[in-house]
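The values are calculated or read from the model by the stated rules, or taken from the named source; none is laboratory data. Predicted, not measured: the structure shown is a model, and the values here were computed from it. With ideal geometry, Cβ positions are generated from the backbone for all residues, glycine too; neighbour counts draw on all protein chains shown. Note: areas computed on protein heavy atoms with side chains; ligands, DNA, RNA excluded. Shrake-Rupley method; radii C 1.70, N 1.55, O 1.52, S 1.80 Å.
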Amino acid sequence: MSSQEVIKIEDDFTLIRFQNDGSEPFYAQYEIIGTGLIQFHFGIKGNAKFLFNQGNYALELKEEKSLLLYNPQKELPLNLELAPNSWAISVIVSIKKFHALFSAEADYITFLSPDNKDKKYYNEGNISPSMAIVLSQLFHYNLHPSIKNLYYKGKGYELLSLYFNRTEDPNAEQCPFLIDEDNVLKIRKAKEIVIANMAEPPGLQELADEIGLNLKKLKMGFKQIYGDTVYGFLFDYKMDFARKLLDSGSYNVNEVGLKIGYSTGSHFIAAFKKKFGTTPKKYLMSINANV
């Protein structure tokens, strides 16, 4: 249900896939040796936290967000807490290799400039549609194992180039492996629509019409980007949302069920138990017992 896969693309260039399809947080570690390493982190689905100083400081990695971390003065260990139903990808590359990639355009990248070479650097950004395509491909490749490393190497470099691309051409050629950037935006909109209307979500055809995609592309694209069907994703989201409402202590079981679209308490209880292995009432009791 949870995994951490380390792919050494080449010397000083490592890619790590983190996947947690379970119902409990997944803790992952990767030893970072040396200070001249740049870390790129990409939140694909769900949420994650990077823990520093024995957990006293946390840096959140949100869905569809990226983090760039660089500190030439000290090592930055990779201690990751991955929330349930969350995916992330990290790229670790040495500053030496990175300079070699961009040496002709070093001034173009802020933290590579001479004034900043010895300063720590942090940046949070959005994952662009074209980056989302590459990240999705890194999770859904279907290739012979013998070319896996070559595939990852190409995608790793493509990801870095897209990260530093200042503007994206909206008329860029469609990606032959997945879907074009415009469709990624439409599928993200579909996700936002079902979340905003989770108590009464639209039908799939209605959703497809609203975002301007045919039904097949909606189903295929949603599965490729979010790793689940539309309603499978919504079910997980609703259950996590229900748990947060119960955690707040402001609602009883029936009120929570109604808020997320269950007209009868028994249906909500069955759904919650399917997801978390316990009933909402027992879950509340366990919270209160720990207070």
**OP:** Could you work out the local net charge near I193, counting Lys and Arg as +1, Asp and Glu as -1, over the other residues with Cβ closer than 12 Å to its Cβ?
**Re:** -1
Subject >> Nonlocal amide H pairs with M198, under 5 Å, H built at 1.01 Å >> reply: none
Original post:
How much of the accessible area of the chain, probe 1.4 Å, is carbon plus sulfur, in whole percent?
Top reply: 50 percent
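Based on DSSP H runs of at least 4 residues, each adding -39500 (n - 2.57), what is the mean residue ellipticity at 222 nm of the chain after dividing by all its residues, to the nearest 500 deg cm²/dmol? Each step should come with its number before you reach the end.
Details: 10 runs with 121 residues, N = 291.
Value at 222 nm, helices only: -13000 deg cm²/dmol.
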**OP:** Obtain the nm distance between the two label points defined at Y30 and D247 by a simple spin-label model: each point lies 7 Å from its Cα along the Cα-to-C-beta direction.
**Re:** 2.6 nm
Original post:
Which whole-Hz couplings ³J(HN,Hα) result when phi for each residue of the range 121-130 is put into the Karplus expression 6.51 cos²θ - 1.76 cosθ + 1.60, θ = phi - 60°, listed in order with x for Gly and Pro?
Top reply: 9, 9, 8, 10, x, 8, 7, 6, x, 5
Original post:
What angle do you read, to the nearest 10 degrees and between 0 and 90, between the alpha-carbon axis of helix 181-196 and the longest principal axis of the chain?
Top reply: 30 degrees
Original post:
Ordered by residue, what ³J(HN,Hα) values in Hz, to whole numbers, does the range 140-149 give under the Karplus form 6.51 cos²θ - 1.76 cosθ + 1.60, where θ = phi - 60° and Gly and Pro are x?
Top reply: 10, 5, 9, 10, 5, x, 5, 10, 4, 5
Subject >> Cα-only radius of gyration and Dmax that characterise the range 1-100, units Å >> reply: 13.1, 42
Original post:
In square angstrom, what is the accessible area per residue of the chain with a 1.4 angstrom probe?
Top reply: 53 Å²
Original post:
Given the range 203-291, what whole percent of its Cα pairs are spread farther than 20 Å?
Top reply: 45 percent
**OP:** With all distinct Cα pairs included, what does the Kirkwood hydrodynamic radius of the chain come out to in Å, to one decimal, could you say?
**Re:** 20.9 Å
Original post:
Can you give the accessible area of E31 in Å² (nearest 10), computed on protein heavy atoms with a 1.4 Å probe?
Top reply: 140 Å²
